[in-house]
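In what follows, a single structure is set out as structure tokens and then discussed.
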């Protein structure tokens with residue numbers, strides 16, 4: 001298509017030059033008058049000639065008109081075809097993207113592709129989770145290495161945009177917008193559209209924490225506070241923090257953390273304690289935490305503690321041990 005456009009433009013420039021030079025030589029006009037005569041002849045607008053043409057000039061004008069009709073017609077058709085094809089191609093891509101989004105179930109919606117949003121997406125890719133990013137800045141989308149198919153351009157505050165990305169079928173919403181007010185409106189809209197949605201929101205100010213929780217966010221993260229506490233902890237207990245930094249979540253190297261739900265371990269209501277689970281012998285992993293069905297956490301739980309429906313255990317192990325755990329309990333890195 002681009003070659004056709006190049007040919008069309010070349011033909012237009014050629015006929016324009018032929019007309020200018022022809023009128024200059026045949027009618028002895030100035031360069032400006034020659035350009036004027038060429039343009040009104042090619043465009044057939046019917047303006048008055050600079051001077052009456054002689055017989056030779058008339059024949060040249062006839063030749064110029066016949067050639068320009070063909071060339072201009074060809075150029076108009078090629079340019080129109082190019083513009084229409086670009087518009088149609090864009091519409092086709094948008095339809096394909098929307099069709100893909102409509103097929104998503106229990107996917108993750110990430111609002112904003114700034115620093116925090118990008119980090120969240122990188123982790124979702126590690127976990128092979130299905131996600132779609134809402135981003136209103138086209139430049140951010142163009143500069144991303146992900147590809148445009150992972151983005152939906154729009155404002156996450158708008159209900160229509162949230163509905164277009166399948167908010168009613170999504171399992172989790174991560175809102176990482178730079179402004180707390182935008183995050184608050186997004187949380188309010190999302191919670192209204194999907195009461196069962198898990199919402200994780202970013203906040204810049206501590207005063208926004210309670211507002212976001214009240215609006216419906218399940219978890220509110222304060223990156224600046226976490227970063228400050230982390231730096232201070234490196235002074236107070238550097239060895240402990242360095243060890244913690246070596247832990248990874250779903251990575252391929254080092255020490256890993258993993259969570260396992262009761263439903264992944266058992267089919268139905270089975271009475272079992274932590275010591276009866278014998279997880280260390282089965283997988284090599286060690287249980288370091290327990291979360292009850294009510295959401296209460298217990299660090300280093302008692303071996304006699306009973307596992308109940310809706311509860312979860314948090315385990316630690318090296319890469320091979322975590323892989324053994326995932327095989328035994330058919331864990332597919334799901335966010336729960």
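Computed quantities for the displayed model
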item: Region 101-122, residues that are over 20 Å from residue 180 (Cα atoms) and loosely packed, with under 14 Cβ neighbours inside 10 Å; result: 102, 103, 105, 106, 122
item: Residue match in region 41-57 (condition: closer than 14 Å to residue 14 by Cα and assigned by TED's automatic domain parsing to the domain that holds residue 9); result: yes
item: Flag for residue 103 being over 22 Å from residue 142 (Cα atoms) and out of contact with any strand residue (DSSP E or B) (no Cβ under 9 Å at 6 or more places or on another chain); result: yes
item: Residue that is surrounded by the most Cβ atoms within 10 Å (Cβ to Cβ) [pool: residues in region 198-231 that are within 15 Å of residue 167 (Cα to Cα) and touching a helix residue (DSSP H, G or I) at 6+ places or on another chain (Cβ under 6 Å)]; result: 217
item: Wholly enclosed helices (runs of 4 or more DSSP H) of region 227-293 bearing at least 1 residues modelled with pLDDT under 80, over 16 Å from residue 320 (Cα atoms) and not assigned by TED's automatic domain parsing to the domain that holds residue 119; result: 238-245
item: Residue tally, condition more than 12 Å from the chain's Cα centre (by Cα) and either in the same structural domain as residue 167 (by TED's automatic domain parsing) or in a loop (DSSP other than H, G, I, E, B) (or both), over region 98-114; result: 5
item: Meets criteria (outside the structural domain of residue 176 (by TED's automatic domain parsing), assigned to a loop (DSSP other than H, G, I, E, B), exposed (fewer than 11 other Cβ atoms within 10 Å of the Cβ) and at pLDDT 90 or above) for residue 304; result: yes
item: Given (1) without any contact (Cβ under 8 Å) to a residue 40 or more places away in the chain; (2) farther than 30 Å from residue 218 by Cα, index of the condition residue 158 fails; result: (2)
item: Residues being without any contact (Cβ under 8 Å) to a residue 40 or more places away in the chain and either part of a helix (DSSP H, G or I) or surrounded by 13 or more Cβ atoms within 10 Å (Cβ to Cβ) (or both) - total across region 42-90; result: 29
item: Lone unmet requirement of (1) within 18 Å of residue 96 (Cα to Cα); (2) in contact with a helix residue (DSSP H, G or I) (Cβ under 8 Å, 6 or more places away or on another chain) for residue 147; result: (2)
item: Hits in region 142-172 - residues which are within 19 Å of residue 124 (Cβ to Cβ) and under 13 Å from the mean Cα position of the chain (by Cα); result: 144, 145, 146, 147, 148, 149, 150, 151, 152, 156, 165
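The values are calculated or read from the model by the stated rules, or taken from the named source; none is laboratory data. What you see is a predicted model, and the numbers here were worked out from it, not measured in a lab. As a convention, Cβ positions derive from the backbone with ideal geometry for all residues, glycine included, and neighbour counts pool all protein chains shown.
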